[in-house]
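The values are calculated or read from the model by the stated rules, or taken from the named source; none is laboratory data. Given the structure is predicted, the values throughout are model-derived calculations rather than measurements. Methodologically, a virtual Cβ is constructed for each residue, glycine included, from the backbone with ideal geometry; neighbour enumeration extends over all protein chains shown. The protein model used for the area step is the full one, side chains on, heavy atoms only, and it has no ligands, DNA or RNA in it. Shrake-Rupley method; radii C 1.70, N 1.55, O 1.52, S 1.80 Å.
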Protein chains: 2
Amino acid sequence: MHSNFLGNILTINLSKIAENYATIQQQLSYRTDIGAVVKSNAYGIGAKEITTFLNALGCKQFFVSTWQEGVEIRSVTDELIYVLHGIDDPKITTIYIEQNLTPVLNHLGQIALWNQVGREQKHKVKAMLNLETGLGRIGLDGSELRQLLARPELIEYIDITYIMSHLACAEQYSHPQNRAQLATFRELFGLFTEKKASLANSAATFLGQDYHFDLVRIGCALFGINPSSHLTINPMQSVVELQGYILQHKIIEKDQNIGYRALHRAKKGDKFFILSCGYVDGYSRFMSDKGFCYAHGKFLPIVGIVGMDMTIVDASALPEALFYATNHVELLGKNISIDDVGKYANNIGYELIITKFNNKLKRIYTNA
Amino acid sequence: MHSNFLGNILTINLSKIAENYATIQQQLSYRTDIGAVVKSNAYGIGAKEITTFLNALGCKQFFVSTWQEGVEIRSVTDELIYVLHGIDDPKITTIYIEQNLTPVLNHLGQIALWNQVGREQKHKVKAMLNLETGLGRIGLDGSELRQLLARPELIEYIDITYIMSHLACAEQYSHPQNRAQLATFRELFGLFTEKKASLANSAATFLGQDYHFDLVRIGCALFGINPSSHLTINPMQSVVELQGYILQHKIIEKDQNIGYRALHRAKKGDKFFILSCGYVDGYSRFMSDKGFCYAHGKFLPIVGIVGMDMTIVDASALPEALFYATNHVELLGKNISIDDVGKYANNIGYELIITKFNNKLKRIYTNA
């Protein structure tokens, strides 16, 4: 606890990211590399800090969604940066060249644009090629791919580093679509010679080595999320701790309602913490009347509706001296995992938890 | 439509904020002023831009939650800035003085600290005093207030500008707690002489002039949110438009599953837009399989689970030429109001919509 700071604190434990990186490596054979997915500000954790740290760990390939995100992490790494959304705008091709960003090409229009860039550069430019194998999202489908292969001049100036695709159901271990997409990917990938392949995200990495190929693309698992529904014990270490700052300590003088819409009835003597942390800071509104926080060995319930920047906690379980001596409560951390928070909120999914941390929070990166 | 920009666009229509400001003014008598609540980056809309604009409209009092937010808007206004969370940390009192930030004092500890600041300044320092009248959150309760009034030396160096409180149930027009809190507030406010008072937020402003006193504090209504459950037609103008950029146009070649978990079955010939906009950008994940977007006179359904930065739309209703000619769809705007989006998502509340816009979105401020 950094209880001297009188505000909310988000602590990111880099050593846990290193442990998660090692856990992923243990799943892989020697021939498979790890690419780190640091899009969306590294899922809210901090793209520059995480890229710097993973780079030092030996990670040599990074994935972002947009060129703006690519430019941001280019300031901290010289390694390969892939832009998952590709390249659409002829006006920004110079940024890709100057910043050495490598697009993932998702359709024939993007391929034509990037091939033209290579022609102008008078040498081949690197790209990854994304195939649509059943997710129904971005990527070339089979007929576009055959069209492409029939006309090699379309990719004359492109050096394809990897052929990739993305699974729809990788979190569901036994879903038949996983093997179906694997078969489709193998078939389409077989149309190329001497290329490398990438199919697996975090969840698919835990489907087994059939899915690994040459590169796995790891995002959520690095940041402590359980990557698969069949793993009842999360193999990943929790990376983030969120400590809510107590703005006011309140002992009820006479019975009264508490919180918006007057839904909670408090009795004389009940103790409450009013936290300066709410849904805008990244503490989910779905914790309203459902969540718990932790302090001094006690799980304390969230009372009423989580506000924009305030949350009420019933701290009656704490003796008075300890109650007044407390500056922060744990909203997420050693005692309350991301999985716990997800369960409090009817399994809303980790996305609504870790990606929403606000830049108002004080961020501490530790490697302890 | 700014269809030349190949990315997501958030348009903030300042003239609609001016209309909403005028609508609020029409509710008020000549003796009541408007204070603008621009906490949380003006509910995600942009604190500096909104403060600048409202200042020019004549607004002379602004509310933020934290001193950091206060410092941000001090760079664009010379008017009064109130910090709702008050002041806790003796180490940052100099920031309050240098930046001319006025705390809302919520308990005796904050009062003691601010009184000490005045003593050191050798003159009275301004503050608002927050009373707890039934919300059960921050603020002095009756006994603390009487303690304070019995010992005037506790506020010897404080110039109290307003006595304020906050209602728990103002959105519920007929809730008995509204009148109960009003009575409590009147009673406690009556203990002061020659002070001004502020009780109403946006919702309470629509409870009638009894609730207005000298200052109303308006946040959500300025930004287009319906402030009260009894107003079946939202009296506020919609302020924001979100246009999702189409990353890929996809016509299905043979029947296939679409989206994560393979929940949607698409038929040959179905048309889909893949948007480069997802929940990290502020498009709610609760739109998954429920929401609609709008293009060319058609309401097009969101298909499958809204991803971190991608969303799939069934655009089969559009003829092929128009389908391919479209770069953006309206996710929020003239045809899809915030209230509509709230309904699509089981009335999750506006908070999850407008406060979550990401800084990855291109923002355009217009006054048309």
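In order along the range A:262-278, phi translates into HN-Hα couplings of 6, 8, 10, 9, 9, 9, 3, x, 4, 10, 10, 9, 9, 8, 8, 9, x Hz, rounded to whole numbers, per the Karplus curve 6.51 cos²θ - 1.76 cosθ + 1.60 with θ = phi - 60° and x for Gly and Pro. For the rotation carrying A onto B, the chain A residue whose Cβ lies nearest the axis, with the distance in whole Å, reads A:K356, 4. Interface burial in the range A:301-336, defined as at least 50 Å² less accessible area with all protein chains than with the chain alone at a 1.4 Å probe, covers A:M308, A:D309, A:M310. For B:D159, the label point sits 7 Å beyond Cα toward Cβ; its separations from the matching points on the remaining copies run 6.9 nm, from shortest to longest. Only protein heavy atoms count here; on that basis, with a 1.4 Å probe, A:E156 has an accessible area of about 90 Å².
To the nearest 10, the accessible area of B:H328 is 10 Å² with a 1.4 Å probe. For B:S143, the point set 7 Å out from Cα toward Cβ sits 7.8 nm from its twins in the other copies, listed from shortest up. For the pair A:L28 and B:E19, label points projected 7 Å from Cα toward Cβ lie 5.5 nm apart. Here the Karplus relation 6.51 cos²θ - 1.76 cosθ + 1.60, evaluated at θ = phi - 60°, turns the backbone of the range B:306-322 into coupling constants of 5, x, 4, 9, 9, 9, 9, 10, 7, 10, 4, 5, 8, x, 4, 5, 5 Hz, with x for every Gly and Pro. Around the Cα centre of the protein assembly as shown, unit charges on the Cβ atoms of Lys, Arg, Asp and Glu (plus for the first two, minus for the last two) sum to a dipole of about 420 debye. Applying the criteria of a DSSP loop state and at most 13 other Cβ atoms within 10 Å to the chymotrypsin sites (Phe, Trp or Tyr not before Pro) of the range B:1-110 yields B:Y30.
With respect to chain A, whose longest principal axis is taken over its alpha-carbon atoms, helix A:14-27 is tilted by about 50°. Sorted shortest first, the distances from the B:K124 label point to those of the same residue in the other copies are 7.9 nm; each point sits 7 Å from Cα along Cα-to-Cβ. Under a 5 Å amide H cut-off, with hydrogens placed 1.01 Å from N, A:R363 pairs with A:L10 among residues at least 5 apart or on other chains.
Of the GluC sites (Glu not before Pro) in the range B:248-334, the ones in a loop by DSSP (not H, G, I, E or B) with at most 14 other beta carbons within 10 Å are B:E253.
Contact residues in the range B:86-114 by the 20 Å² criterion (accessible area, 1.4 Å probe, full protein complex versus chain alone): B:D88, B:D89, B:H107. In this calculation the C-beta distance from A:R151 to A:I251 is compared with R0 = 51 Å, giving a FRET efficiency of 0.10. When the solvent-accessible area of the protein assembly as shown is split by element, carbon and sulfur atoms take up 50 percent of it, the probe being 1.4 Å. Per residue, the accessible area of the range A:188-326 comes to 35 Å² when a 1.4 Å probe rolls over the protein heavy atoms. Taking a straight line from the alpha carbon of B:K254, these lysines sit under 17 Å away, with near neighbours fewer than eight places off in the same chain left out: B:K267, B:K268, B:K271. Using a 1.4 Å probe over protein heavy atoms, the accessible area lost on pairing A with B, summed over both chains, comes to approximately 5400 Å². Taking every C-alpha pair closer than 8 Å and separated by at least 6 residues, the mean separation divided by the residue count of chain B gives a relative contact order of 19 percent. Between 0 and 90 degrees, the angle of helix B:47-57 with respect to the longest Cα principal axis of chain B falls at about 70 degrees. Remark on B:K196: its backbone amide H falls under 5 Å from those of B:I163, a criterion applied only to residues 5 or more positions apart or on other chains, H modelled at 1.01 Å from N. Remark on the range A:248-294: accessible area falls by at least 40 square angstrom from chain-alone to full-complex state for A:Q248, A:K250, A:E253, A:Y260, A:R261, A:Y279, A:V280, A:R285, A:F286, probe 1.4 angstrom. Selection among A:T77, A:Y365, A:T133 by position relative to the dipole of the protein assembly as shown gives A:T133 as farthest towards the positive end (Cβ unit charges, Cα centre). Under 5 Å from the amide H of B:G136 lie the amide H atoms of A:G259, each residue being 5 or more positions distant or on a separate chain, with H modelled from the backbone and absent for Pro and chain starts. In summary, the aspartates and glutamates within cross-link reach of A:K334, defined as a Cα separation below 14 angstrom excluding same-chain residues under 8 places away, comprise A:E241.
Computed from backbone phi, the HN-Hα couplings of the range A:133-141 come to 10, x, 6, x, 10, 7, x, 6, 8 Hz, rounded to whole numbers (Karplus: 6.51 cos²θ - 1.76 cosθ + 1.60, θ = phi - 60°; Gly and Pro given as x). Round to a whole angstrom and tell me the spacing of the C-alpha centers of the range A:288-322 and the range B:264-340. Between the Cα centre of the range A:288-322 and that of the range B:264-340, the gap is 39 Å.
Look at where the Cα atoms of the range A:124-148 and of the range A:154-226 average out, and the two centres are 13 Å apart. Note the angle between two axes, namely the Cα long axis of helix B:108-121 and the longest principal axis of the Cα atoms of chain B, as a number of degrees from 0 to 90, rounded to the nearest 10. It is inclined by approximately 70 degrees. Beyond 18 Å in Cα-Cα separation lie the following of the pairs A:K126/A:K196; B:K126/B:K195; A:K48/A:K196; A:K16/B:K356; B:K290/B:K343; B:K39/B:K60: A:K48/A:K196; A:K16/B:K356.
Can you show me the helix-derived [θ] at 222 nm for the protein assembly as shown, built from DSSP H runs with n ≥ 4 at -39,500 (n - 2.57) apiece and divided by the number of residues, rounded to the nearest 500.
-7500 deg cm²/dmol
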